[in-house]
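Single-structure report; data block below.
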Amino acid sequence: MTTTLAEAPRIERTSRETSQIKPNASVPCHVAIVLNSCTEHGAVPTDLAFAALRSIVVGCVERGIALLTLIRPTDGADTFDAAIASVRAHEPRANNVKLNLISPRNGREELLESVRRLAAQAQRHAIAPEKIVGENIENNLSTHGLPPIDLLIATGGGGTLSGALLWQSAYAELLFVDVEWHHFASHEFNNALADYATRCRKFGGLA
């Protein structure tokens, strides 16, 4: 059966999502980046990692982006940790953006953990099943307490988020970049923000 516009289901959003809705905003408030590589390889050069991460952090500061979430790469994790620490130590502007670092993990497992915790609370009668809402799930996720993601960038080519941030990316604008994370430069970030500025966000709606 064809669903007409009048019959379209109502999109349910959490209170945090509705409070953050800013249609056609040219600059995202919260940017998240999944740091992937195109191929598996050996150690990532520290200087490349530092330059890439500095470009991202400085780009956020220059554009007025308040919050940056980085999902650590599965390859070159040690280099990433050293490089981000160096950016924080040697780039004074890094203090002007809130930086949220997340270890790589499967988004489905994260959701399952949240549901299990809620099920345990319901079993203890700490919460009634019919009272469970989106905020309850969000409170058990790695990004709890943070505003919704506006722009989610995945490096490394392809068209997948690698299972990351499945709940959090529900209404985010997605962008896939065909470059490895440690080669990510300021012009790639500028292009990503320019692309975001052209989009009309619908947050799951039809218009």
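Would you check if there is a residue in the range 164-181 being of a type outside the set (Val, Ile, Thr), more than 15 Å from the chain's Cα centre (by Cα) and assigned by TED's automatic domain parsing to the domain that holds Ala83? Yes, there is a match, as at least one residue in the range 164-181 is of a type outside the set (Val, Ile, Thr), more than 15 Å from the chain's Cα centre (by Cα) and assigned by TED's automatic domain parsing to the domain that holds Ala83. Could you go through the range 124-137 and let me know if any residue there is within 25 Å of Glu180 (Cβ to Cβ) and either in contact with a strand residue (DSSP E or B) (Cβ under 7 Å, 6 or more places away or on another chain) or touching a residue at least 40 places away in the same chain (Cβ under 8 Å) (or both). Scanning the range 124-137, I find no residue that is within 25 Å of Glu180 (Cβ to Cβ) and either in contact with a strand residue (DSSP E or B) (Cβ under 7 Å, 6 or more places away or on another chain) or touching a residue at least 40 places away in the same chain (Cβ under 8 Å) (or both), so the answer is no. May I ask you to list the residues in the range 98-131 that are on the phi < 0 side of the Ramachandran plot and more than 24 Å from the chain's Cα centre (by Cα)? The answer is Ala119, Ala120, Gln121, Ala122, Gln123, Arg124, Ala126, Ile127, Ala128, Pro129, Glu130, Lys131. Where the second residue is assigned to a helix (DSSP H, G or I) and surrounded by fewer than 17 Cβ atoms within 10 Å (Cβ to Cβ) and the first is without any contact (Cβ under 8 Å) to a residue 60 or more places away in the chain and lies in the range 173-200, which pairs have Cβ atoms under 8 Å and are six or more apart or on separate chains? Pairs found: Leu175/Asp195.
Whenever a residue of the range 51-78 is more than 19 Å from Pro104 (Cα to Cα), its partners that are among the β-branched types (Val, Ile, Thr), lying with C-beta atoms within less than 6 angstrom and at least six residues away or across chains, give the pairs Arg54/Val87; Val57/Val87; Cys60/Val97; Val61/Val97; Arg63/Val27; Gly64/Val27; Ile65/Val31. Checked against (1) assigned by TED's automatic domain parsing to the domain that holds Leu35; (2) in contact (Cβ under 8 Å) with a residue 24 or more places away in the chain, Thr160 passes all but condition (2). Kindly indicate the residue of the range 159-207 that is assigned to a loop (DSSP other than H, G, I, E, B) and of a type in the set (Phe, Trp, Tyr) and also modelled with the lowest pLDDT among those meeting that condition. Result: Phe203.
Residue by residue, here is whether (1) farther than 23 Å from His144 by Cα; (2) at pLDDT below 95; (3) among the hydroxyl-bearing types (Ser, Thr, Tyr) holds:
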site	(1), (2), (3)
Ala32	no, no, no
Leu67	no, no, no
Thr74	no, yes, yes
Leu101	no, yes, no
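Looking at Ile102, is it farther than 18 Å from Leu68 by Cα and β-branched (Val, Ile, Thr)? For Ile102, the condition - farther than 18 Å from Leu68 by Cα and β-branched (Val, Ile, Thr) - is not met.
Among the residues of the range 38-50, those that are surrounded by fewer than 17 Cβ atoms within 10 Å (Cβ to Cβ) and either more than 15 Å from Pro104 (Cβ to Cβ) or of a type in the set (Gly, Ala, Ser) (or both) comprise Cys38, Thr39, His41, Gly42, Ala43, Pro45, Thr46, Asp47. Determine whether Arg93 is modelled with pLDDT under 95, assigned by TED's automatic domain parsing to the domain that holds Ala154 and more than 23 Å from Asn139 (Cα to Cα). In short, yes. On the stretch given as the range 82-117, residues that are hydroxyl-bearing (Ser, Thr, Tyr) and assigned to a helix (DSSP H, G or I) total 2. Summed over the range 91-143, the residues that are exposed (fewer than 15 other Cβ atoms within 10 Å of the Cβ) and over 19 Å from Ala32 (Cβ atoms) give a count of 20.
The values are calculated or read from the model by the stated rules, or taken from the named source; none is laboratory data. Everything numeric here is computed off the predicted structure, so don't read it as measured data. Note that we place each Cβ from the backbone using ideal geometry, even for glycine, and neighbour counts take in every protein chain shown.
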